[in-house]
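Chemist: Structure provided below as structure tokens; questions to follow.
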Amino acid sequence: YGIDGKYFWGPDVVMAIDYKRDERNGFRSQFATIGSTSTQLLTPLDDATDRVDAAVRYQAERWFAELTYSGSFYDTGAASLKWTNPFGLALPGTDEGQMALAPDNDYNEIALAAGWHGLPGNTTIALSAATGKGTQEISFLSYTINPTISTQPLPMSNLHGDVDVTRADLTVTSRPWSSLRLRGSVTYDERDNSSKQAAFDSIVYADSFLTYGDTTNPSYGFERFRVLGSADYQLLETVDLGVGGEYRQLKRTGTEQEVSQEDFTDGWGRITYRPSGYVGFVLRGGAQEREPDKYDVAVAEDYGQNPLMRKYNMAYLFRNYGELVANVGLWTLPVTLGASAYYADDDYTKSQIGLRSGSTTRYGIDLNWAINDKLSAYVSGGQDKISSLQNGSSTFSSPDWKGDVDDDFDTVGAGFAARFSDDLSLVLGYTYAQGDSKTSIRGVNAGAFPTVRSQLASFKADFNYDVTERLGVVFSWWYERFTSEDWALQGIGPATLPGVLSLGADPYNYRVNYATVSLRYAFGQSAQEATE
């Protein structure tokens, strides 16, 4: 639940505040381990999240300035869990296990934004800067609750989690001539993790046995720098040309990772063709490249990884992509038809083990009909296909198997909006979607996993009624039905996974009715009254 409002302090100053609170109570499934056995449990869920956003904005004739504050505060009544070992006492003292759950944490941020327009060359400048801090203060659990294991004292009792966030960006748009539009932006984003670190020399694995050796808790951060630019030129009355590019640099800071820095570049071109006021086409294509500065095999081996493996989010990537968009108006009829097609091809040419290639194909079509000034309707449909190929090794050496994953998604939707009077309106929308995921393996122990399937049907209705000029009420009803078939949950038993005791849960299958009532009230003098 929540509340929000705005206060208009004269014609130039607006103050706004928005408060929301989410509370959750219940249980969710969680796997917990003792020794080499794993149990699926129902862990408690008892938490609340408070979010506050406040802003003050001054709007002049050619410039504005805005100061904002955002805060998020998470509080849980279930920060840890104890459970009984259902497999019996395989080792002394393992009758119970203990684990930590999500801890309390806070985040506070202050941001300043400003902009100027109407500058020479029809130029607009916008800039913003923000600084924030996330904190976590909660005591650690003990190494173990197994009374037969003797450990060293914890090197610190609290993480004293402290993460500083800094963001700044500058955007400039200009139209020096009627046929030329320019845009450029520069962004800097940093996350400085100064959480406390220490060497933990007594490591207990799953409340079962003790190993020695210094292990320091990691601390990860990053610095990101981004430059983007584009230009659009009207070549002919019916033809526009556009070019653009982007450069990004990412530096990973804190605890060492396999790749400490990478560069990303993207270049694209676009042509827009409008042969008439009823028909328009946009063709866009480009290429992207992500280049890691180097891959530290020593760090990967410290993490127990195959030195030939490359994580897909850190590996070299080259992508080609293209998109076609068409919009057609049916002459004098109040009907518009839109269609789009997108294709992208990914190559991880420098990876021997890991993701090797991928492709994405997407199609969409939509039809909008403005029946009259009070009634409109739409129909839409789309299809997504995502395929990937990866190499793996069953011997922790060279590749000896390949995995293919093919995901298909189909979506259709329809709806209408009706305004029965100046005070009464209704919006209805229906969506149906289905997805299939197929996985097959070639090589060692080759075979195919059963297909994972899902279906979603969703219907939403919004009923708006203006009781008075100042008071409005909105009634919303949302019905959703979801079904799925997932081999990873169906039919799992001791014969399949002898070291796992599951809840015997079926795949996700639910039916939900969700209703809301919202009130909106405007205080003070309205804009129309002020003008009059």
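The values are calculated or read from the model by the stated rules, or taken from the named source; none is laboratory data. Computed from a predicted structure; not experimentally measured. Glycine gets a Cβ as well: all are built from the backbone with ideal geometry, and neighbour counts include every protein chain shown. The area values use the complete protein model at the heavy-atom level, side chains included, leaving out ligands, DNA and RNA. Shrake-Rupley method; radii C 1.70, N 1.55, O 1.52, S 1.80 Å.
Chemist: With a Förster radius of 35 Å, plug the Cβ-Cβ distance of F459 and Y363 into 1/(1 + (r/R0)^6) and report the FRET value to the nearest 0.05. Walk me through the numbers before you get to the answer.
Modeler: On the way: r = 24 Å, r/R0 = 0.69.
Calculated value: 0.90.
Chemist: Can you give me the pair-distance distribution of the chain, C-alpha pairs, 10 Å bins, whole percents?
Modeler: So the P(r) values, bin by bin, are 3, 10, 16, 26, 25, 12, 6, 1, 0.
Chemist: Rolling a 1.4 angstrom probe over the protein heavy atoms, how many square angstrom per residue are accessible across the range 202-304?
Modeler: Here the residues of the range 202-304 average 56 Å² of exposed surface.
Chemist: Run the reach check for K374 against aspartates and glutamates, Cα to Cα strictly under 14 Å, same-chain hits fewer than 8 apart removed. What comes back?
Modeler: Candidates past the 8-residue exclusion: D422, D423.
Chemist: State in Å² the accessible area per residue of the range 310-402; use a 1.4 Å probe, count heavy atoms of protein chains only, and round to the nearest integer.
Modeler: Details: 5330 Å² over 93 residues.
Heavy-atom SASA per residue in the range 310-402 reads 57 Å².
Chemist: May I pose another question? Once label points are set 7 Å from the Cα along Cα→Cβ at both L428 and Y378, what is their separation, rounded to one decimal in nm?
Modeler: A separation of 1.7 nm, rounded to one decimal place.
Chemist: Quick one: which residues, 5 or more positions from Q261 or on another chain, have an amide H under 5 Å from its amide H? H modelled 1.01 Å from N in the peptide plane, none for Pro or chain starts.
Modeler: Amide H neighbours of Q261, under 5 Å, 5+ apart: R252, D293, K294.
Chemist: Another question about this same structure. How high is the FRET efficiency from L42 to Y1, r the C-beta distance, R0 25 Å, rounded to 0.05? Please list the in-between numbers first.
Modeler: Details: r = 26 Å, r/R0 = 1.06.
According to the calculation, E is roughly 0.40.
Chemist: If I model a spin label as a point 7 Å beyond the Cα along the Cα-Cβ vector, how far apart are those points for Q234 and V325 in nm?
Modeler: 1.9
Chemist: How far is the Cα center of the range 104-158 from the Cα center of the range 369-420, in Å?
Modeler: 34
Chemist: Sorted by average packing, counted as other Cβ atoms within 10 angstrom per residue and highest first, what order do 14-26, 285-297, 33-45 take? Don't skip to the end; give the middle numbers.
Modeler: Details: 14-26: 13.1, 285-297: 15.3, 33-45: 17.3.
Peptide ranking by packing, descending: 33-45, 285-297, 14-26.
Chemist: Return the distance in nm (one decimal) between the two label points of a simple spin-label model at L119 and E289, each offset 7 Å from Cα along Cα→Cβ.
Modeler: In this crude label model, L119 to E289 measures out at 3.3 nm.
Chemist: Compute from the Cα atoms of the range 1-121 the Rg and the Dmax, the latter being the longest Cα-Cα distance, and quote both in angstrom.
Modeler: Final numbers for Rg and Dmax: 24.6, 80 Å.
Chemist: Hey, which of these cross-link pairs are over 26 Å Cα-Cα: K251/K350; K133/K311; K196/K294; K196/K350; K251/K385; K294/K385? Present the calculation step by step, with values, prior to reporting the outcome.
Modeler: Working: K251/K350 20 Å; K133/K311 29 Å; K196/K294 28 Å; K196/K350 37 Å; K251/K385 32 Å; K294/K385 32 Å.
Flagged as over cut-off: K133/K311; K196/K294; K196/K350; K251/K385; K294/K385.
Chemist: Grab the DSSP H runs of the chain that are 4 residues or longer, score each as -39,500 (n - 2.57), total them, divide by all residues and round the 222 nm result to the nearest 500 deg cm²/dmol. Kindly include the intermediate steps, with their values, before the conclusion.
Modeler: Working: 2 runs with 11 residues, N = 532.
Taking each H run of at least 4 residues, the total per residue is -500 deg cm²/dmol.
Chemist: Using only Cα atoms, locate the centre of the range 183-223 and the centre of the range 41-96, then give the distance between them in Å, rounded to an integer.
Modeler: 19
Chemist: Net charge around L228, counting only other residues with Cβ within less than 12 Å of its Cβ (Lys, Arg = +1; Asp, Glu = -1)? Write out the running numbers ahead of the final one.
Modeler: Working: positive: R183, R226, R248; negative: D169, E246, D266.
That works out to 0.
Chemist: Would you mind listing how long the range 63-171 runs along its three principal axes, going by Cα atoms, in whole Å with the largest first?
Modeler: 80, 28, 22
Chemist: Ordered by packing density, taken as the mean number of other Cβ atoms within 10 Å over each peptide's residues, highest first, how do 61-67, 310-316, 198-204 rank?
Modeler: Numbers: 61-67: 13.1, 310-316: 17.4, 198-204: 15.1.
Packing order, densest peptide first, comes out as 310-316, 198-204, 61-67.
Chemist: If you take the beta carbon distance between A60 and T349 as r and set R0 to 41 Å, what does 1/(1 + (r/R0)^6) give as a FRET efficiency, to the nearest 0.05?
Modeler: It comes out at approximately 0.15.
Chemist: Per residue, what accessible area does the range 1-156 have, given a 1.4 Å probe and all protein chains present, in Å²? All intermediate terms of the calculation are to be shown ahead of the outcome.
Modeler: Details: 9420 Å² over 156 residues.
About 60 Å² of surface per residue is accessible.
Chemist: How large, in percent, is the carbon and sulfur part of the accessible surface of the chain at a probe radius of 1.4 Å? Walk me through the intermediate numbers first.
Modeler: Values: 18430 of 31900 Å².
It is 58 percent, rounded to a whole number.
Chemist: Residues of the range 401-420 with amide nitrogen under 17 Å from the 7 Å Cα-to-Cβ point of I371?
Modeler: Under 17 Å, as judged by backbone N against the label point of I371, lie 414-420 of the range 401-420.
Chemist: Quick one: net charge of T166's neighbours, Cβ under 15 Å, K/R +1, D/E -1? Walk me through the intermediate numbers first.
Modeler: Numbers: positive: K133, R167, R191, R224, R226, K251; negative: E109, D162, D164, D169, D189, E190, D192, E223.
Cβ neighbours under 15 Å give a net charge of -2.
Chemist: With 10 Å bins from zero, work out the P(r) of the range 186-229 over every alpha carbon pair and list the percent per bin.
Modeler: 22, 28, 21, 16, 10, 3
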